[in-house]
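In what follows, a structure is listed as structure tokens, so that the remarks can point back to it.
Bear in mind these aren't lab numbers, they're just calculated from the coordinates by the rules spelled out. Everything quoted here is computed from the prediction, not taken from an experiment. Note that we place each Cβ from the backbone using ideal geometry, even for glycine, and neighbour counts take in every protein chain shown.
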Amino acid sequence: MTVESTAARKTTRRSSGAKRTTGASAGAKKADQAPAGEPELVQLLTPEGERVQHPDYDIDLSAEELRGLYRDMVLTRRFDAEATALQRQGELGLWASLLGQEAAQIGSGRALRDDDYVFPTYREHGVAWCRGVDPTNLLGMFRGVNNGGWDPNSNNFHLYTIVLGSQTLHATGYAMGIAKDGADSAVLAYFGDGASSQGDVNESFVFSAVYNAPVVFFCQNNQWAISEPIEKQTRVPLYQRARGFGFPGVRVDGNDVLACLAVTRSALERARRGEGPTLIEAFTYRMAAHTTSDDPTRYRRDAEREAWEAKDPIQRLRTYLESEGHADAAFFEELEAESENLGKHVREVVRAMPVPDHMAMFDHTYADGHALVDEERAQFAAYQASFANGEAE
């Protein structure tokens with residue numbers, strides 16, 4: 001199974017050569033002066049794989065670190081593809097793909113320190129990978145055999161949050177707490193462009209600004225809130241909303257792993273210095289369906305997806321690695337083999353997941369028990385016993 005976009009492979013690439021500074025990336029133009037159709041954003045690696053500089057956000061990585069970022073994105077995409085296939089084959093009830101958003105997640109995830117804390121939504125599979133969460137643990141909830149599958153405090157990575165936007169309030173409260181404790185760690189909260197319209201997100205902006213909380217809000221603007229395009233969600237670029245709450249916002253090329261790393265690292269350092277929150281808008285694209293229950297062909301054109309495939313985050317970094325001599329054929333071949341082994345491992349583990357005791361869901365609803373829960377437990381037990389084999393299929 002290929003780990004890169006076929007369309008992206010066919011796109012003509014320019015040699016990266018020496019770093020250059022473009023007018024857009026150098027901040028020579030204001031956001032309202034960007035060329036039509038070209039949003040103003042921080043970019044360090046162009047879609048053609050050419051390294052550029054930015055006066056405020058730049059980063060110097062070794063060849064080994066660059067290969068590490070590439071490996072992260074490839075393996076995350078391979079895991080995501082396997083999970084999608086498992087759902088289609090009836091092994092998972094649902095899956096939310098991150099296809100196309102690997103750079104936003106890996107770049108931001110690798111900017112974290114071990115003592116920082118992450119509050120994800122339900123699509124941050126790449127961030128979970130960066131935090132050391134076993135990928136197969138992500139699948140238990142989608143298979144219906146557990147309610148999360150990992151201990152949040154073991155990796156400082158909270159459980160997935162299905163309710164849109166609520167995790168930003170959790171993140172803000174946690175950040176306020178660690179600030180009172182005198183810790184110099186930071187909190188990173190993820191949400192999407194659709195969730196930015198939720199009251200919880202805006203309330204978290206208010207609290208974080210007033211209390212100067214060490215939290216970074218990372219919005220992955222993948223252009224679609226299920227079937228609702230971004231132009232029907234907001235009248236201004238999302239990152240500009242931060243100004244109204246009293247803290248800075250920045251838009252980054254969400255398909256540029258280097259820019260996402262540099263911008264997120266800067267924002268986290270700012271938070272640790274006690275300078276308050278930052279809103280990062282990662283301008284990216286959801287190349288797959290919203291979830292496996294969605295059909296994107298009903299609301300968006302193939303040409304739009306093809307245009308974004310040409311900006312594929314994995315292919316652009318590969319182009320740069322090859323042009324600069326930072327990776328050879330053996331590296332890519334070994335990584336391809338590793339990705340296949342990962343896919344095989346994920347499939348085997350998922351199929352071997354034990355079916356949980358159906359009655360266990362009542363055990364920890366309340367610490368000391370509750371009459372209503374006892375009644376519901378009895379009703380469910382009677383329902384199960386009504387089947388010939390003693391259990392519902």
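In order along region 307-312, the phi-based Karplus estimate (6.51 cos²θ - 1.76 cosθ + 1.60, θ = phi - 60°) of 3J(HN,Hα) comes to 5, 6, 4, 5, 9, 3 Hz; Gly and Pro are listed as x.
In the chain, Cα pairs under 8 Å separated by at least six residues give a relative contact order of 23 percent. Spin-label pair D295-F380: with each label point 7 Å from Cα along the Cα-Cβ axis, the two points sit 3.4 nm from one another.
Note on S197 and R51: with the Förster distance fixed at 35 Å, the Cβ-Cβ geometry gives a FRET efficiency of about 0.45.
Placing +1 on the Cβ of every Lys and Arg and -1 on the Cβ of every Asp and Glu, with no other charges, gives the chain a dipole of roughly 1240 debye about its Cα centre. For the options A104, A327, A213, a Gaussian network treatment of the chain with springs between C-alpha atoms closer than 10 Å singles out A327 as fluctuating the most.
The stretch between E65 and R272 holds 72.1 nm of extra length on full extension. This uses 0.36 nm per residue minus the Cα-Cα distance.
From the Cα gyration tensor of region 61-197, with a ≥ b ≥ c the square roots of its eigenvalues, which class applies: rounded if a/c is under 1.5, or else prolate if a/b is larger than b/c, or else oblate?
oblate
According to the calculation over all Cα-Cα pairs in the chain, the P(r) per 20 Å bin from zero is 26, 56, 16, 2 %.
Looking at region 256-292, the trypsin sites (Lys or Arg not before Pro) that sit in a DSSP loop and have at most 12 other Cβ atoms within 10 Å of their own Cβ are R273. Phi-derived couplings, Karplus 6.51 cos²θ - 1.76 cosθ + 1.60 at θ = phi - 60°, listed residue by residue for region 325-336: x, 8, 8, 10, 4, 4, 4, 5, 5, 5, 5, 4 Hz, with x used for Gly and Pro.
Taking E48, E275, E65 as the candidate residues, the one with maximal mean-square fluctuation in a Gaussian network model of the chain, Cα springs under 10 Å, is E65.
Taken one residue at a time, the phi angles of region 252-266 give Karplus couplings (6.51, -1.76, 1.60, θ = phi - 60°) of 10, 5, x, 9, 10, 5, 5, 5, 4, 5, 5, 5, 5, 4, 5 Hz. Gly and Pro are set to x. What you get for region 212-321, charging only the Cβ of Lys and Arg (+1) and of Asp and Glu (-1), is a dipole of about 380 debye around the Cα centre. For the pair region 129-167 and region 362-389, the centres of their Cα atoms are 26 angstrom apart. For the options T291, T278, T365, a Gaussian network treatment of the chain with springs between C-alpha atoms closer than 10 Å singles out T365 as fluctuating the most. With the simple model of a label 7 Å out from the Cα in the direction of the Cβ, Q89 to A307 spans 3.6 nm. Sorting 145-152, 306-313, 57-64 by their mean Cβ neighbour count within 10 Å, with the most densely packed peptide first, gives 306-313, 145-152, 57-64.
A protection proxy built from the mean count of other Cβ atoms within 10 Å ranks the segments 163-171, 83-91, 366-374, most packed first, as 163-171, 83-91, 366-374.
For the pair N147 and E228, the difference between a 0.36 nm per residue extended length and the Cα-Cα distance amounts to 26.3 nm.
Relative to the longest principal axis of the Cα atoms of the chain, helix 371-385 runs at roughly 80 degrees.
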